[in-house]
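Below you'll find the structure, written out as structure tokens, and then a few comments.
Please treat every number below as a calculation from the coordinates, not as lab data. The structure presented is a predicted model; accordingly, all values stated were derived computationally and were not measured. Here the Cβ is made from the backbone with ideal geometry for all residues, glycine too, and neighbour counts use every protein chain on show.
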Amino acid sequence: MQHVKVPQDRIGVVIGDGGSTMREIESRAEVRLDIDSESGSVAVDTVGDPVKGMVAPDIVRAIGRGFKPEAALSLLDNDMRMFDLIDIAQATRNKNDMKRQKGRLIGENGRTRELMEELSGAHVVIYGSTLGVIGQPEEVETVRRAAGMILDGAPHGAVYSFLERKHNELTGGPQLSGGNDF
């Protein structure tokens, strides 16, 4: 049995409307969830396929870090899909720096986060002091590198060019734009 701590404001999402999300996680991941909505602690007990059961804590953790349940459940879609968290706090000195870095990662009207998602193919969520990623290993690595560039102070244009280059490598497709007109 594993225990996952979920922020208070996300417990309701883990449970879902009338328990629907909790039941879906339990049936698809073949586990039993025991949710303490007071403390935010979720006990995950495998009752079926142990391989699926190993993914369940990450599903709960991902929902707790701001992902929609459908995106978190996509971790069961194939063995290679993974969930990764980047701690933004490690790259910041104080509260104001944290706010600034989160703003840079999100971008104007959410555009930078959106581009990370579109061009990598991964799901990307920024919640609290973390950036969460769900995707195939190469998609997750692309987002991790792009986020690292932004946190290191790289200009957004350079990050967008990197994302577009990686997108073309991953898809073998043409460039999405004629230049840096994001």
task = Name all residues of the range 133-148 having a backbone nitrogen under 15 Å from the label point set 7 Å from the Cα of ASP87 along its Cα→Cβ direction, giving them as ranges.
result = none
request  = Compute the length gained on full extension between HIS3 and SER20: take 0.36 nm times their separation in residues and subtract their Cα-Cα distance, giving the result in nm to one decimal.
outcome  = 4.1 nm
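I want to verify the translational diffusion coefficient of the chain in µm²/s; compute it with Stokes-Einstein, Rh as the Kirkwood radius over Cα pairs, at 4 °C and 1.567 mPa s.
Values: Rh = 17.3 Å.
Diffusion coefficient, whole number: 75 µm²/s.
For the chain, list the DSSP H helices whose alpha carbon atoms reach 15 Å or more along the long axis and whose average Kyte-Doolittle value is -0.5 or above?
Values: long enough: 50-64 (22 Å, 0.75); 95-106 (16 Å, -1.78); 137-151 (21 Å, 0.00); 156-171 (22 Å, -0.76).
Helix filter hits for the chain: 50-64, 137-151.
For the chain, what's the relative contact order in percent, using C-alpha pairs closer than 8 Å and at least 6 residues apart?
Working: 273 pairs, mean separation 30.4, N = 182.
Relative contact order of the chain: 17 percent.
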remark   = At q = 0.22, 0.27 1/Å the base-10 log of I(q)/I(0) from the Debye formula over the alpha-carbon atoms of the range 2-76 is -0.88, -1.37
ask   = Per the helix-only calculation at 222 nm, which mean residue ellipticity applies to the chain, given -39500 (n - 2.57) for every DSSP H run of n ≥ 4 and division by its residues, nearest 500 deg cm²/dmol?
value = -14500 deg cm²/dmol
query = What net charge do the residues around ILE86 carry, taking every other residue with its C-beta under 11 Å from that of ILE86, with Lys and Arg at +1 and Asp and Glu at -1?
reply = +1
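Which entries of LYS68/LYS102; LYS5/LYS68; LYS95/LYS166 show an alpha-carbon separation above 24 angstrom in the structure shown? It would help to have the intermediate numbers written out before the result.
Working: LYS68/LYS102 20 Å; LYS5/LYS68 17 Å; LYS95/LYS166 32 Å.
Where the Cα-Cα span goes over 24 Å, the pairs concerned are LYS95/LYS166.
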query = So how do 136-149, 55-68, 16-29, 92-105 stack up, highest first, on mean other-Cβ count within 10 Å?
reply = 55-68, 136-149, 16-29, 92-105
The range 106-145-the range 17-82 distance, computed between alpha-carbon centres (Å) = 21 Å
task = Scan around TYR127 for amide H atoms under 5 Å from its own, H built in the peptide plane at 1.01 Å from N, and keep only partners 5 or more places away or cross-chain.
result = GLY132
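Can you sort LEU151, LEU115 so the residue with the fewest Cβ neighbours within 10 Å comes first?
Numbers: LEU151 17, LEU115 21.
Lowest count first: LEU151, LEU115.
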